[in-house]
Amino acid sequence: MKYKYPIITILGDSNVGKSSLYNILIKKNDALVNKIPNFTMDRKYGNAKIKNYKFICVDTVSYNKFEKKKSLIKEQILLSIKESNLILLIIKGDKLNITDYKIINNIRKYNKKIIILLNIKKKYFLDTEFYSLGINFYQINIMNKNDILKFKKILFFYINKIYIKKNFLNKLNTKFLVKNKNKNIKLAIIGMPNVGKSTLINKFVNEKRIIIDDIPGTTRENISISLNHLNKNITIIDTAGIKKKNKIINQIEKISINESYKTIKKSDIILYIINGEKKNFYNQDIKIIKYIILQKKPIIIIINKIDLIKFQDIIFIKKLIKKKFKYFPIISISAKFIVNLKNIFKLIYKIYNISKKIYSTSKLMKILNLATKLVLPPMYNGRRIKLKYIHQLKNNFLVFKIHGNQLTKLNNNYKIYLLNFFYKKLKCIGSIINFKFKENKNPYK
């Protein structure tokens with residue numbers, strides 16, 4: 001993926017302060033900061049700016065397992081190095097280890113500019129090994145505001161050089177690529193562990209941005225990736241798989257799952273992924289989808305890994321889903337072999353447009369009158385409940401307000417009938433419809 005601005009990548013071992021510095025530079029608490037070793041597993045990208053100079057800041061996975069053969073982490077680190085214009089290598093303390101030297105050698109192979117940041121609380125005289133590297137290094141305390149201000153001045157000097165050398169100067173007064181006039185659609189990828197969420201995103205962006213493995217729980221933090229598709233800006237958010245509470249084995253999983261639930265609340269549309277290989281629709285799937293519905297979020301249900309099952313199995317899974325959620329669209333795909341992925345985007349745009357639609361009162365009144373003629377509202381105390389007037393209160397999600405007499409006595413069966421009727425007539429697949437009922441006051445009381 002090509003970027004309009006310089007890429008500055010933060011590299012380092014476990015718990016050296018990478019995520020803390022990343023949050024400082026992008027001015028958000030986007031990366032989770034804790035003392036759990038190897039918590040960050042994927043690259044995180046954020047927009048940053050010093051004075052009028054904009055750049056893309058990248059938080060990376062710890063490189064302490066870099067030397068392992070066929071390491072997924074090694075692959076991620078090397079991809080980060082290749083795409084960078086400047087690398088900030090953070091060392092905690094005053095000593096370099098073997099892996100530090102290996103990383104420095106790899107950075108040199110790709111002819112990338114590097115500066116070393118020694119994250120230490122007290123500044124003191126250093127061993128000659130740092131001076132012999134021939135690399136500029138700076139002693140800073142990432143938690144100290146004065147040190148950060150000094151570091152930003154140093155960083156500005158390097159960014160300015162990159163702008164001149166790489167001809168970024170004509171972009172000084174332009175906006176970030178992901179923040180143009182078009183609305184940014186936030187798309188969350190949700191599901192149980194090991195259903196293929198990260199594989200799907202890697203196929204969407206056509207590069208290995210996220211570590212994927214057969215081991216459930218590989219994704220730990222929510223990873224946001226900006227994508228421009230058909231001149232529409234989409235932020236795709238990869239999330240940790242949501243397990244049952246009694247299956248959570250450690251604090252890392254608990255933190256990750258809580259972040260997944262938070263992402264649901266912040267998103268515009270949810271892609272809910274099911275592992276088709278299992279040939280089932282589990283109670284945990286139903287529970288998560290019901291939570292998404294409570295948050296009033298549009299949903300597209302995706303059956304992944306269809307390359308591993310028969311056509312009859314796909315039909316069976318779809319029937320199980322339709323029994324519980326008949327108004328949410330279902331797509332069967334193979335993320336691995338890029339089967340049916342284009343149809344996902346078609347549905348995303350369709351559902352997003354529906355969620356933003358404003359319906360005329362006259363159209364809503366026609367549907368309401370037809371519904372009450374076909375099936376009369378129930379009687380209460382010898383009098384027919386009357387639904388007199390309907391109008392739209394809001395979109396995204398769709399809320400309609402119905403006025404009438406004795407509406408507090410309207411039973412759930414009739415409310416469900418109205419909901420189903422409006423879904424069919426408005427053809428608002430994937431979206432959430434809510435009714436609010438307003439009792440007309442009796443002027444003689």
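The values are calculated or read from the model by the stated rules, or taken from the named source; none is laboratory data. Predicted, not measured: the structure shown is a model, and the values here were computed from it. Methodologically, a virtual Cβ is constructed for each residue, glycine included, from the backbone with ideal geometry; neighbour enumeration extends over all protein chains shown.
For every residue, the table says whether it meets (1) over 16 Å from the mean Cα position of the chain (by Cα); (2) assigned by TED's automatic domain parsing to the domain that holds ILE321; (3) hydrophobic (A, V, I, L, M, F, W, C).
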| site | (1), (2), (3) |
| --- | --- |
| ASN228 | no, yes, no |
| ASN246 | yes, yes, no |
| ASN258 | no, yes, no |
| ILE269 | no, yes, yes |
| GLY276 | yes, yes, no |
*Report, ordered by the first and then the second residue, all pairs with beta carbons closer than 8 Å, sequence separation of six or more or different chains, a first member in the range 329-345 that is of a type outside the set (Gly, Ala, Ser), and a second member that is at pLDDT below 95 and assigned to a strand (DSSP E or B).*
ILE333/VAL339; PHE345/HIS229
*Candidates LYS322, LYS318 - the one that is touching a strand residue (DSSP E or B) at 6+ places or on another chain (Cβ under 6 Å) and charged (D, E, K, R)*: LYS318
_Verdict on ILE338 being crowded, with 17+ Cβ neighbours inside 10 Å, farther than 14 Å from ILE402 by Cβ, of a type in the set (A, V, I, L, M) and modelled with pLDDT under 95_ = no
*Within the range 68-86, identify whether any single residue is crowded, with 21+ Cβ neighbours inside 10 Å, among the hydrophobic types (A, V, I, L, M, F, W, C) and in a helix (DSSP H, G or I), and answer yes or no.*
yes
_Complete set of residues in the range 108-133 that are in contact with a Lys or Arg (Cβ under 9 Å, 6 or more places away or on another chain) and crowded, with 20+ Cβ neighbours inside 10 Å_ = ILE114, LEU118, ASN119
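To keep it simple, each residue is scored yes or no on (1) modelled with pLDDT of 95 or more; (2) assigned to a loop (DSSP other than H, G, I, E, B); (3) under 22 Å from ILE190 (Cα atoms).
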position	(1), (2), (3)
LEU320	yes, no, yes
LYS342	no, no, yes
LYS350	no, no, yes
ILE358	no, yes, no
ALA371	yes, no, no
HIS391	yes, no, no
*Determine whether ILE292 is closer than 27 Å to LYS427 by Cα, assigned to a strand (DSSP E or B) and in contact with a helix residue (DSSP H, G or I) (Cβ under 7 Å, 6 or more places away or on another chain).*
no
*Tell me which residues, restricted to the range 256-295, are under 19 Å from LYS326 (Cβ atoms), charged (D, E, K, R) and surrounded by fewer than 17 Cβ atoms within 10 Å (Cβ to Cβ).*
LYS287, LYS290
*For ILE429, work out the one condition from (1) in contact (Cβ under 8 Å) with a residue 40 or more places away in the chain; (2) out of contact with any strand residue (DSSP E or B) (no Cβ under 8 Å at 6 or more places or on another chain); (3) in a helix (DSSP H, G or I); (4) not assigned by TED's automatic domain parsing to the domain that holds ASN304 it doesn't fulfil.*
(3)
*Applying the selection to the range 239-272, what residues are touching a strand residue (DSSP E or B) at 6+ places or on another chain (Cβ under 7 Å) and modelled with pLDDT under 90?*
none
*Could you identify the single residue in TYR101, TYR131 that is in a helix (DSSP H, G or I), more than 35 Å from the chain's Cα centre (by Cα) and free of Cβ contacts under 8 Å to residues at least 24 places away in the same chain?*
TYR131
*Determine the pairs where a residue that is in the same structural domain as ILE120 (by TED's automatic domain parsing) and within 18 Å of PHE151 (Cβ to Cβ), located within the range 16-37, has a partner that is modelled with pLDDT under 90 and assigned to a helix (DSSP H, G or I) with Cβ atoms under 6 Å apart, the partner being 6 or more residues away or on another chain.*
ALA31/SER19; VAL33/SER19
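Quick grid of which residues meet (1) at positive phi; (2) at pLDDT 85 or above; (3) not in a loop (DSSP other than H, G, I, E, B):
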residue: PRO193; (1), (2), (3): no, yes, no
residue: SER198; (1), (2), (3): no, yes, yes
residue: ASN202; (1), (2), (3): no, yes, yes
residue: ILE211; (1), (2), (3): no, no, no
residue: ILE215; (1), (2), (3): no, no, no
residue: ARG220; (1), (2), (3): no, no, no
residue: ASN228; (1), (2), (3): no, no, yes
residue: THR235; (1), (2), (3): no, yes, yes
